[in-house]
Amino acid sequence: MKKAIMLVAILALVLAPRLSAAREAAASTTEEITAADAKQVEPTMKVIFNGSLLEIGSTDLPTTLIVRAPGGDVTVNVGVGAILGEKKDVVTKLDEWIPGDVLKIFGVKNLNTGVVEASVLVNKTIRMKKDFGLNGWIKSINKEASTIDVDWQGKTYVFHYTGDTRVVVPPKVKANVDDLQVGDRVRGRWIDRRGETPHATIMVVLRRGDDLRMKIRTWVFEGELSEINSATAPTDIRVKVTKTAARPGDKNALIAVGDERILHVKEDTKIVRRFMGKTDLSEYVAGDKLTVVGRLNDDGTIDAKTLKNNSIWLVGTHGIAGEITAIDAAGSKFTLVWGGKTIIVEVTDKTEMKKAGEKIALTDLAVGDKIKGRGTARERTGTVRASVVHVVRNPAELPKKAMIDDALEVK
């Protein structure tokens, strides 16, 4: 028994320096890509589910759909390679799809954001050999002949209607032909009647002039954080849109690249890091690259459903915050105090340092500046090596405590 205890003690003495070195490597500088960092991937799972089509962003691919499924509304990205139909040789077109259609979707769900990347979409409402898409602008309405002329891509198509033809003019769901107007942008479905004028079974008004009647409310887009009002939700943040799936000039594209939007971050907003892992606004700093899933309001603001911070992904990285109490320019470090804790922050030539949106150096900092940023805990030295240091303009951006407290036993 004594020999066994002695052996354990000897092993502990031998391995202690190695374990310490391993912890130091795990808490390496954020500019170094560790093995653990390199192994990170977005967690996904294959999914198959049925749902009802609520919104369709565009009739061209790529686009985004909103589908109401049993567990709630699902955001579905449809890429250029997605199959629309039951088989590769039996396909439909998105201009034949209308809200209310029942879909079966095969794809991969991103467990981080909840967004589904679809590979196959089957429209179960369309009778493949009987139903055809109706798409275009109403040119004329002949009530005596019960026909409607529709222009599409330089051609005019004539459709017959009856009292059984379903007409939707949002917000009026149970409309009729009297509610239609020449110039309306419509989408619908028709069936072929041999020797007769094609019969319209349903017609939905998408747009009347510049008035969108079927607005795309839910959007997935990328953006850069411009401003944050508070480190805790609920609050508002300002984001500049850098990428969307919408085509330039598309009138249905209510969110465009270059827009600056106010996002309402609520208590139930899902806030995650890139490659999974929870985070919160205490780690957010201006300039962070975000992926947003949000619902557009009539006033142009967006209710954020999911925020994924693509700038936070290195293993061991945490938020830092506080007020500068001392600066050691020669030692490339400064001291922060926040929430009764003192943190020594090291900077390197790779640390991103900004004030009022402009790049600065350590010598541009001053005692009393309030700092928010991110860094990696260094257990051996009891310091934090910073990857991002921003001087904040609004003290409300600072959290009650720095998240680095969870990774480093600060003084």
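Charges were assigned to the Cβ only: +1 to each Lys and Arg, -1 to each Asp and Glu. The resulting dipole of segment 39-160 about its Cα centre is roughly 420 debye. When +1 charges are put on Lys and Arg Cβ atoms and -1 charges on Asp and Glu Cβ atoms, the dipole computed for segment 260-411 relative to its Cα centre reaches about 340 debye.
Strictly over 27 Å apart at the Cα level, which of Lys124/Lys243; Lys93/Lys266; Lys289/Lys372; Lys333/Lys355; Lys243/Lys370; Lys124/Lys172 would you flag in this model?
Details: Lys124/Lys243 32 Å; Lys93/Lys266 37 Å; Lys289/Lys372 16 Å; Lys333/Lys355 17 Å; Lys243/Lys370 32 Å; Lys124/Lys172 25 Å.
Checking Cα-Cα distances, Lys124/Lys243; Lys93/Lys266; Lys243/Lys370 exceed 27 Å.
Beyond 26 Å in Cα-Cα separation lie the following of the pairs Lys215/Lys305; Lys270/Lys359; Lys46/Lys130: Lys270/Lys359; Lys46/Lys130. Against the chain, whose longest principal axis is taken from its Cα atoms, helix 2-26 shows a tilt of about 60°.
Extension gain for Glu117-Ala396 works out to 96.7 nm (0.36 nm per residue, less the C-alpha to C-alpha distance). If the Kirkwood radius is taken over C-alpha pairs of segment 67-118, then at 10 °C and 1.306 mPa s the Stokes-Einstein diffusion coefficient equals 129 µm²/s.
Projected onto its three principal axes, the C-alpha set of segment 170-311 covers 67, 29, 28 Å, listed from the longest axis down.
Enter the mean projected area of the convex hull around the alpha-carbon atoms of segment 150-223, in nm², rounded to one decimal.
On the way: hull surface 28.1 nm².
Dividing the Cα hull surface by four gives the mean projection, 7.0 nm².
Computed with a 1.4 Å probe over protein heavy atoms only, the accessible area of Ile262 comes to about 60 Å². With unit charges on the beta carbons (Lys and Arg positive, Asp and Glu negative) and the dipole taken about the Cα centre of the chain, which residue among Trp97, Thr235, Ala175 sits farthest to the positive side? The residue sitting farthest along the positive end of the dipole is Trp97.
Helical runs (DSSP H, four residues minimum) scored at -39500 (n - 2.57) apiece and divided by the length of the chain put the mean residue ellipticity at 222 nm at -2500 deg cm²/dmol.
What number in nm² do you get for segment 32-188 if you take the convex hull of its Cα atoms and divide its surface by four?
13.0 nm²
For the chain, the spread of Cα coordinates along the three principal axes comes to 97, 57, 31 Å, biggest extent given first.
Rounded to the nearest 5, what % of DSSP beta bridges with both residues in the chain are antiparallel? Display every interim value, and only then the final one.
Numbers: 114 of 136 bridges.
Here the share of antiparallel DSSP bridges comes out near 85 percent.
Using the Cα centre of the chain as origin and beta-carbon charges of +1 (Lys, Arg) and -1 (Asp, Glu), tell me which of Asn297, Asn309, Gly195 is placed farthest towards the positive end of the dipole. Result: Gly195, furthest along the dipole toward the positive end. Given 4 °C and 1.567 mPa s, how large is the Stokes-Einstein diffusion coefficient of segment 86-157 in µm²/s, with Rh as the Kirkwood radius over Cα pairs? D = 86 µm²/s. In a reduced charge model with +1 at each Lys and Arg Cβ and -1 at each Asp and Glu Cβ, the chain shows a dipole moment near 1140 debye about its Cα centre.
The values are calculated or read from the model by the stated rules, or taken from the named source; none is laboratory data. Because the structure is a prediction, the values reported are computed rather than measured. Neighbour counts run over all protein chains shown; Cβ positions are idealised from the backbone, glycine included. Accessible surface is based on the protein model in full, side chains and every heavy atom, while ligands, DNA and RNA are left aside. Shrake-Rupley method; radii C 1.70, N 1.55, O 1.52, S 1.80 Å.
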